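Trainee: If you scroll down you'll find the structure; I have some questions about it.
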Amino acid sequence: MTRAAGQPVADIFAAEGEAGFRRREADALREAAGRRQAVIATGGGAACREDNLAAMLAAGHVVALAVSAEEAIRRAGASSGRPLLDGKADPVAAARALLDARRTFYERAHVRIDTDGRTPADIADAVLRGVRTRREES
């Protein structure tokens, strides 16, 4: 989406606000969900609109990568480029509030993987196992 917009997320937020960003995000998600044999990695808020989540769930296996607020902030760094977190007096509290508000959407994923304390390779293996298990159960 940032490539299509020709600007980073923070600039889209500054120019169009969160509503403008979310419209662009929904358009990009609908287009991507129509592809076959694709892995689509969204930001944390993409699944938090009912129409987006419905499209994702219908298109394939939805995997939620769970993270604690503390770990999310550690990974993102002080200047993350994430407008909903940057500049907050207490970024961990802001991340916690976002995660709490989004929890009901994330819980609807087909597979949920806790990522705290795990290596990228371990997380990738867990994703593959989760998707494989779901496919076998279907």
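Trainee: May I ask you to compute the full-extension gain from Glu50 to Arg129, defined as 0.36 nm times their residue separation minus their alpha-carbon distance, rounded to one decimal in nm? Present the calculation step by step, with values, prior to reporting the outcome.
Mentor: Working: separation 79, 0.36 × 79 = 28.44 nm, distance 2.68 nm.
The Glu50-Arg129 span can extend by a further 25.8 nm.
Trainee: Explain nothing, just the number: relative contact order of the chain, from Cα pairs under 8 Å at least 6 residues apart, as a whole percent.
Mentor: 24
Trainee: Lys/Arg Cβ at +1, Asp/Glu Cβ at -1, dipole of the chain taken about the Cα centre: which of His61, Leu99, Ile73 is farthest positive-ward?
Mentor: Going by the charge dipole, the pick is His61.
Trainee: Of the GluC sites (Glu not before Pro) in the stretch 89-138, which ones lie in a loop per DSSP and count no more than 15 other C-beta atoms within 10 Å? Mind showing how you got there, number by number?
Mentor: Values: sites: Glu107, Glu136, Glu137; in loops: Glu107.
In loop regions of the stretch 89-138 (DSSP not H, G, I, E or B), the sparsely surrounded GluC sites (Glu not before Pro) are Glu107.
Trainee: So which residue, out of Val39, Val92, Val127, gets the largest mean-square fluctuation from a GNM of the chain using Cα contacts under 10 Å as springs?
Mentor: Val39
Trainee: A follow-up question, please. Just from its helices, what would the mean residue ellipticity at 222 nm be for the chain, if runs of 4 or more DSSP H residues each count -39500 (n - 2.57) and the sum is divided by every residue, rounded to the nearest 500 deg cm²/dmol?
Mentor: Values: 6 runs with 81 residues, N = 138.
Counting only the DSSP helices, I get -19000 deg cm²/dmol.
Trainee: Treating each Cα of the stretch 61-137 as an identical point scatterer and ignoring solvent, apply the Debye formula and state log10 I(q)/I(0) at q = 0.15, 0.21, 0.22, 0.26 Å⁻¹.
Mentor: With no solvent term, the Cα-only Debye profile gives -0.59, -0.97, -1.02, -1.18.
Read-outs throughout are calculated quantities, based only on the coordinates presented, and are distinct from any laboratory measurement. Since this is a predicted model, take the numbers as computed values, not measurements. Reconstructed Cβ throughout: ideal geometry from the backbone, glycine too, with neighbour counts over all protein chains shown.
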